[in-house]
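Peer 1: Below you will find the structure I want to go over with you.
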Amino acid sequence: SLSLSLFLGLHAGSLEERRAFLKALTAWSRAGAEPETTRSPARSGAGAVAATTRSEAMSPALAEAQLSLQLRLVESAEIGQDLHLMLLARNLEAARKDVKLSLSTQPVLHDGTPRPPFWQDTHYLSLDPREEGRISWRIAYGQYGRHLGEDQQVQVIALAEENTSWQKMLAEKTVTLARPSLTLSVLAPVVVNQPFPLHVEFINPLPQPVDGCVLVVEGGGLVKGQASIELGSLQAQEKGGIKFQLTPYKSGPRQLHATLTSSLFPPIKGWKQLEVAPHPGGN
């Protein structure tokens, strides 16, 4: 399941109260509810999307809840693309409910610590008995890209408040944005002290041109230090490739690593396992 519902007797929706709410949620989780992770397939070549949610072990507070919230990804989350999300709110009672929904998205550090929100919005729903309402929204890469940390994670939070009982319900979802990878193709046998051709395919994942792209290649026994290739500018979502030669200086199993860098997107990486044959005349 991709939802968490929790009731607390709060009476306002300020950022400070939401932080206190999340602190209480964390304490509740550590007391007995373990996190669970669900993976959904991403578009071809983009890896997987990870969505982390709290388990729905029932507590006395949860047993009182009369509103269900669920956050979903409408499309796989990929670097450079819009984040497309949906909130499902279901009225579990036989009475009409008017609900205020406070939505926010914030980056998450590598240790799971959330940072201040970079996107917030508010919606209002009127739900008939047993009715389910849906809200969908998009967050453009220009809004979230510069806030991403090294783990490329954001946390989406939906806080619902009933206008009569003042009950508050929370749903939260942590999303890891997939990034494309480089494709490395070896075009000839690899023999120590002999040049061999290599082809690297890459893509600009952003919906905008980027300048200053650099391809860095490295690998023990294959490259002394690092080899850097200036690629210059790439158009929006442009696919490209480059062919060059390397001369290995040690035989045996080797790993070749390539990284595409730009100031506007996180490093895009790829690697290839190689078996370097000894020179026929010896090393």
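Peer 1: Set the Förster radius R0 to 22 Å, insert the Cβ-Cβ distance between Glu218 and Glu75 as r into 1/(1 + (r/R0)^6), and round the FRET efficiency to 0.05.
Peer 2: So the FRET efficiency works out to roughly 0.05.
Peer 1: Next question. What residues qualify as long-range amide H neighbours of His279, i.e. H under 5 Å apart, gap of 5 or more or another chain, H built at 1.01 Å from N?
Peer 2: The answer is Val192.
Peer 1: Going 7 Å from the Cα of Glu131 in the Cα-to-Cβ direction, what parts of the range 80-99 have a backbone nitrogen less than 16 Å from that spot?
Peer 2: Flagged as within label range: 88-99.
Peer 1: How far is it, in nm, from the label point at Asn163 to the one at Gln235 when both lie 7 Å from their Cα along the line to the Cβ?
Peer 2: Between Asn163 and Gln235, the label points sit 5.1 nm apart.
Peer 1: Can I ask one more? Students often forget the sequence filter, so: which lysines lie under 20 Å Cα-Cα from Lys269 once same-chain residues fewer than 8 apart are removed?
Peer 2: Lys269 reaches Lys224, Lys239, Lys243.
Peer 1: So how strong a dipole does the range 152-264 carry about its Cα centre when Lys and Arg Cβ are +1 and Asp and Glu Cβ are -1, to the nearest 20 debye?
Peer 2: Charge dipole, the range 152-264, about its Cα centre: 520 debye, nearest 20.
Peer 1: Which residues among the range 246-263 fall inside the zone where the amide N is under 17 Å from a point 7 Å beyond the Cα of His279, along Cα→Cβ?
Peer 2: 246-252
Peer 1: Find, among the trypsin sites (Lys or Arg not before Pro) in the range 144-249, those assigned to loop by DSSP (not H, G, I, E, B) with at most 12 other beta-carbon atoms within 10 angstrom.
Peer 2: Answer in residue order: Lys224.
Peer 1: Report the chymotrypsin sites (Phe, Trp or Tyr not before Pro) located in the range 188-283 that are in a DSSP loop and have at most 11 other Cβ atoms inside 10 Å of their Cβ, or state none.
Peer 2: Passing sites in the range 188-283 do not exist.
Peer 1: Cut-off under 29 Å on the C-alpha distance; same-chain residues fewer than 8 positions from Lys97 excluded. Which lysines are left, in chain and number order?
Peer 2: Lys23, Lys168, Lys173
Peer 1: In debye to the nearest 20, how big a dipole does the range 61-121 give about its Cα centre with +1 on each Lys and Arg Cβ and -1 on each Asp and Glu Cβ?
Peer 2: Magnitude of the dipole: close to 240 debye.
Taken together, the values in this text are just the output of simple stated rules run on the coordinates, not laboratory data. Just so you know, these numbers come straight off a predicted model, no measurement behind them. Neighbour counts run over all protein chains shown; Cβ positions are idealised from the backbone, glycine included.
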